[in-house]
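Structure first, then comments.
Each reported figure results from applying straightforward, stated rules to the coordinates on display, with no laboratory input. The structure presented is a predicted model; accordingly, all values stated were derived computationally and were not measured. Positions of Cβ are backbone-derived with ideal geometry, glycine not excepted, and every protein chain shown enters the neighbour counts.
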Amino acid sequence: MSATTTLTQVEPITAQSILRLFPDIDTSSAELDGHDEEQIRLMDEVCIVLDENDKPIGNFSKKICHLMTNIEKGLLHRAFSVFLFNSKNELLLQQRATEKITFPDMWTNTCCSHPLGIPGEGGAELAEAVEGVKRAAQRKLDHELGIKAAQVPIENFKFLTRIHYKAPSDGKWGEHESESQFSFPTRNILTSSPHFSRLYPLHQSRRRPGA
């Protein structure tokens, strides 16, 4: 007896199909009840929605992009991660604030966030997109950690790669991102935003001889 397999074809999300594929997007504020007011405000920021080839096809709010109901339908947005190293090659880690709506209290890299659907942070082709994400990284390093743009000039961000990943935070919220990753070597960086995070210098791991 031969076995049969049924495949479900998922329609690609494009600029033409995005609103038709997500006609029932929840725009109410019920999911945010009880959360920190500043974090609720940030969920209104506009993320860059992408197709499967990392091309911008529209904008949706941060809240819409991070609801698992929409993520499971394939909604994808652009993001970035910054790995900031000091002169000792130590990585500065951030513990996300308890007030965060997604992934509260979790340890992460120095800064991870999203370019917004605003002039200067978008881009369709790789080179333009990377430059836009670098500007967003400058903005968020200041916002979250108090690191001023003058301390992290655009030309010193080293683009490493892009990754595509999906991860649930809890049953309601999660991530589904095309994420650009950057390293940034520096000597003296001062941070001043304890509301958003706690910071910890992670010493570079050293392999034992023969390990």
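Some points to look at:
- For the stretch 35-202, the extents of the C-alpha atoms along the principal axes are 44, 36, 24 Å, listed from largest to smallest.
- Using C-alpha pairs below 8 Å separated by at least 6 residues, the relative contact order for the stretch 35-202 is 27 percent.
- Legend: P(r) of the stretch 119-184 from all alpha carbon pair distances, 10 Å bins from 0, whole percents, reading 19, 44, 31, 6.
- Counted charge near PRO56, where neighbours are those whose Cβ lies closer than 12 Å (Asp, Glu -1; Lys, Arg +1): -3
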